[in-house]
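Let me give you the structure first, and then I'll get to my questions.
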Amino acid sequence: MDKKQVQETYRETTLEEEQEYFEEVENELQCDLQTTQESIDYRNQAIKAQKKYMRDSHGDMDDEEFLQNMNNVNNDTFFIEHAAKQVDVLAHQIESPYFGKIAFEYQEDGQVLPVYIGTNGYWSMDEQDQKVYDWRAPIASMYYDYEKGEASYQAPDKEYFGKIVEKKQFDISNGRLHNAVDTDEKINDMILLDALGKNSGTKMKSVVATIQKEQNALIRNKTAYNLIVDGRAGSGKTVVAMHRLAWLLFNNRKTMLADNVMILSPNGIFGDYIAGVLPEVGEDNVPEKEFDSLMEEILFVDCDYETKLEQADRITTHPDMESPEMKNIAWKSSIAFYQAFNKYLEEYTANIKFKDFHFEKTEFTKDQIEKMFYNRFARYPVYERFEKIAYFIADRVEDEQDQAFTDEKHQKMENQITKEMIYQYAERNLIELYQDFLNSQAEQHPGIEQYRNEYGKVCYEDILAVFYLQIYFYGCKSYDNIKHLVIDEMQDYNIFQYAVLDRIFKCKKTILGDSLQVLYYNPEETVLDVLQTVFVPHGGTGGCQIKTLDTAYRSTCEITEFCNGILEADRASDEAEAHPLNRHGMEPVTEQAESIEDAAGFIAEKLDYGELDDFDNVAILCDDEERAFAMYKELEEYEQVTYLTNQSTVYNGGVVVLPKFLAKGMEFDAVFVINEQDVMENRISRHAFYISCTRALHQLYVINVTNQT
Ligand SMILES: Nc1ncnc2c1ncn2[C@@H]1O[C@H](COP(=O)(O)OP(=O)(O)OP(=O)(O)O)[C@@H](O)[C@H]1O
């Protein structure tokens with residue numbers, strides 16, 4: 001650790017001194033940018049020359065020389081790709097190299113280290129000095145965690161203690177230092193409020209300069225295997241998720257690349273919405289997937305099944321919790337049902353009837369197979385155990401035939417043996433097996449045996465259980481390269497989905513959501529109960545740490561309080577409501593409209609009078625796709641109005657009409673919520689209403705259509 005400045009008594013820097021330091025850093029960055037750019041140009045010339053040489057002397061070249069030349073071209077190309085990224089980072093740094101500073105006085109020797117903190121770090125080759133620290137560096141954590149006074153940070157070697165003797169925030173943009181202010185809590189609040197008062201933009205941005213202490217603790221959490229964040233609407237869960245990924249990638253450079261992490265997202269638009277955050281902090285984007293496409297990719301059971309959206313439609317058409325549909329969904333997503341199914345599968349597995357097994361002239365006794373199946377390989381999925389046993393049988397065949405098989409022949413034989421064993425002992429149609437289980441439960445739960453919807457498709461809640469069954473038996477290795485999984489909107493997954501995800505992604509996870517933003521609600525148990533059932537500690541791994549976030553950063557105080565009111569009756573006594581920040585705006589407006597045309601007229605008037613012109617993003621949220629389309633038709637003459645569906649993957653701002661369920665996780669400067677039903681009537685519609693209203697940053701309009709359909 002370099003301590004650059006040793007001072008008897010520390011004196012805070014003046015603006016002139018900061019200006020000097022700033023210019024010094026800017027000059028170095030400019031030089032670095034120029035050198036990097038020149039080396040790119042040089043390598044580009046080299047590639048051109050190399051290619052020309054290869055073309056001209058193609059006939060005279062032997063293979064070795066040709067390969068050597070190709071290698072040179074590839075190396076240069078690789079260099080250019082890397083340098084181009086560096087150019088992007090440097091260009092960004094020249095605009096704004098850092099946003100904050102602390103000076104830390106070490107307890108052990110009294111030396112003071114000034115630490116400038118930026119979106120990316122900067123190491124000066126000339127001075128061999130860390131001019132700017134990346135916000136993810138261990139020492140930078142103190143900037144978010146402490147005011148002036150005693151502080152400490154955990155470096156890889158040990159924890160360092162001391163005190164912060166200076167803390168500054170810089171106003172830097174377009175390569176100019178406009179101001180430097182000494183910060184305390186009050187100033188921090190002003191800077192945060194200023195950031196939140198701006199328009200939302202169509203893509204999520206990084207907020208490295210204003211990360212809050214409680215968010216920082218989650219972003220840098222090292223102790224949880226599965227970190228669960230239950231945070232109120234707008235409390236920064238997605239912010240935490242994206243910055244945590246950036247932190248993980250930065251601090252595990254050697255073992256974790258962008259391809260080794262994955263985000264499970266609620267829909268395609270959400271993926272587009274978050275796509276800018278990682279590149280902004282100099283990281284590559286990470287793969288992102290929706291649960292249903294993961295299931296489509298892995299599930300091999302041959303049947304027609306309902307999608308999540310079709311299930312959502314069924315839920316909204318039967319919102320009565322006592323209807324047979326809802327009762328079935330509730331029961332089949334419950335912890336008790338999951339446990340009963342597991343018990344059934346354990347019994348099924350325990351009762352497999354083994355016999356002596358013959359392959360060619362080699363024999364394995366029933367006892368030998370049973371021992372391997374129930375003891376040695378008991379921790380593997382059922383059919384994977386057969387694969388493991390097959391390996392030993394193939395070895396025995398090899399020995400007895402006194403031949404050395406090639407790897408390929410060995411593998412072929414293992415596959416054949418596995419197939420044979422499954423056929424002899426355990427071959428079952430998974431749907432039939434599931435049906436058997438349902439029938440076994442039918443006496444206690446009449447109607448449970450019904451697993452197809454009115455169109456003959458396997459219901460969504462049932463296909464999730466069947467998917468689990470497949471993974472239980474066959475396992476899945478497709479995602480063994482993933483080292484961290486982020487699951488956003490955790491309240492939207494049921495117990496089978498979590499059990500499947502736990503078996504497919506055998507890695508650490510960050511799981512974030514809001515138990516109040518649940519659409520379909522089982523009053524008996526919460527998503528937190530579900531997570532604690534699935535993610536139990538085993539063999540030193542697993543288990544979960546549950547954390548909460550209660551401050552609502554997105555919306556004005558007025559909107560947050562309006563939203564809290566919607567769920568007042570539903571909130572359990574131990575569930576905290578969202579705490580608004582001290583950011584004020586217009587009171588939410590509630591209007592009555594006679595018809596959808598009337599509601600559209602209200603919005604059109606605002607468009608005509610330019611009342612929404614100050615906003616980049618405005619959303620009109622309708623009950624479902626059909627109603628959203630009808631509203632869009634009313635407003636389509638306005639060229640800034642567009643329509644978003646479940647198939648949309650890009651959102652470019654403007655005024656957008658979309659169904660309420662698609663707005664999950666997103667935010668807009670102003671929101672119009674169109675209610676064509678009595679939204680306060682039942683729990684599901686109240687929650688859908690709550691989710692819609694919590695999307696608004698600055699203005700909220702609720703339009704209740706009276707001639708309800
Ligand atoms: N520390 C912060 N500094 C600046 N802005 C922040 C901060 N934390 C959150 N925000 C802003 O608050 C808004 C809400 O954040 P985010 O979308 O992460 O919340 P969320 O908890 O995922 O919300 P929801 O569950 O309602 O979708 C975003 O505009 C985000 O940029």
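The values are calculated or read from the model by the stated rules, or taken from the named source; none is laboratory data. The shown structure was predicted, so the numbers you read here are calculated from the model rather than taken from an experiment. Cβ placement follows ideal geometry from the backbone for every residue including glycine, while neighbour counts extend to all protein chains displayed. Note: areas computed on protein heavy atoms with side chains; ligands, DNA, RNA excluded. Shrake-Rupley method; radii C 1.70, N 1.55, O 1.52, S 1.80 Å.
Take the residues in the range 64-89 that are of a type outside the set (A, V, I, L, M, F, W, C) and farther than 18 Å from residue 52 by Cβ, then tell me which one is farthest from the chain's Cα centre (by Cα).
Checking each candidate, the answer is 64.
Right, here's the next one. Among the residues of the range 174-215, write down those that are surrounded by 14 or more Cβ atoms within 10 Å (Cβ to Cβ), of a type outside the set (Gly, Ala, Ser) and closer than 21 Å to residue 275 by Cα.
Result: 196, 199, 202, 203, 204, 205, 207, 208, 210, 211, 215.
Using the structure shown, decide if residue 417 is at negative phi, open to solvent by less than 70 Å² (accessible area, probe 1.4 Å) and touching a strand residue (DSSP E or B) at 6+ places or on another chain (Cβ under 6 Å).
For residue 417, the condition - at negative phi, open to solvent by less than 70 Å² (accessible area, probe 1.4 Å) and touching a strand residue (DSSP E or B) at 6+ places or on another chain (Cβ under 6 Å) - is met.
Residues in the range 452-478 that are crowded, with 21+ Cβ neighbours inside 10 Å and not in a helix (DSSP H, G or I): how many?
So the count comes out to 1.
For (1) open to solvent by less than 90 Å² (accessible area, probe 1.4 Å); (2) closer than 17 Å to residue 358 by Cβ, each residue gets a yes or a no:
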position: 375; (1), (2): no, no
position: 378; (1), (2): yes, no
position: 388; (1), (2): yes, no
position: 398; (1), (2): yes, yes
position: 401; (1), (2): yes, yes
position: 410; (1), (2): yes, no
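For the range 586-607, does any single residue satisfy the condition of being modelled with pLDDT under 90, more than 16 Å from the ligand (Cβ to nearest atom), surrounded by fewer than 17 Cβ atoms within 10 Å (Cβ to Cβ) and assigned to a loop (DSSP other than H, G, I, E, B)?
Just the residues of the range 586-607 that are modelled with pLDDT under 90, to begin with: none.
No, the range 586-607 contains no residue that is modelled with pLDDT under 90, more than 16 Å from the ligand (Cβ to nearest atom), surrounded by fewer than 17 Cβ atoms within 10 Å (Cβ to Cβ) and assigned to a loop (DSSP other than H, G, I, E, B).
Return the total of residues in the range 538-554 being open to solvent by less than 60 Å² (accessible area, probe 1.4 Å) and either under 30 Å from residue 669 (Cα atoms) or in a loop (DSSP other than H, G, I, E, B) (or both).
8
Taking the condition of being under 19 Å from residue 24 (Cβ atoms), of a type in the set (Gly, Ala, Ser) and part of a strand (DSSP E or B), how many residues in the range 112-167 meet it?
2
Moving on. For the range 184-276, which helices (runs of 4 or more DSSP H) that fit wholly inside it have 1 or more residues that are within 12 Å of the ligand (Cβ to nearest atom), under 30 Å from residue 169 (Cβ atoms) and of a type in the set (D, E, K, R)?
185-196, 213-219, 237-251
Considering only the range 528-537, state which residues are open to solvent by less than 20 Å² (accessible area, probe 1.4 Å) and of a type in the set (A, V, I, L, M).
Selection gives 530, 531, 534.
Among the residues of the range 641-675, which ones are more than 29 Å from residue 511 (Cβ to Cβ), in contact with a helix residue (DSSP H, G or I) (Cβ under 6 Å, 6 or more places away or on another chain) and either of a type in the set (D, E, K, R) or surrounded by fewer than 24 Cβ atoms within 10 Å (Cβ to Cβ) (or both)?
641, 643
Also, I was wondering about something else. Name every residue in the range 65-122 that is of a type in the set (Phe, Trp, Tyr) and open to solvent by less than 50 Å² (accessible area, probe 1.4 Å), in order of residue number.
If the condition is that a residue be of a type in the set (Phe, Trp, Tyr) and open to solvent by less than 50 Å² (accessible area, probe 1.4 Å), then 98, 99, 104, 106, 116, 122 are the ones that fit.
Then there is this: Going through the range 500-526 one residue at a time, which ones are within 13 Å of the ligand (Cβ to nearest atom), outside any loop (DSSP other than H, G, I, E, B) and of a type in the set (Val, Ile, Thr)?
510, 511
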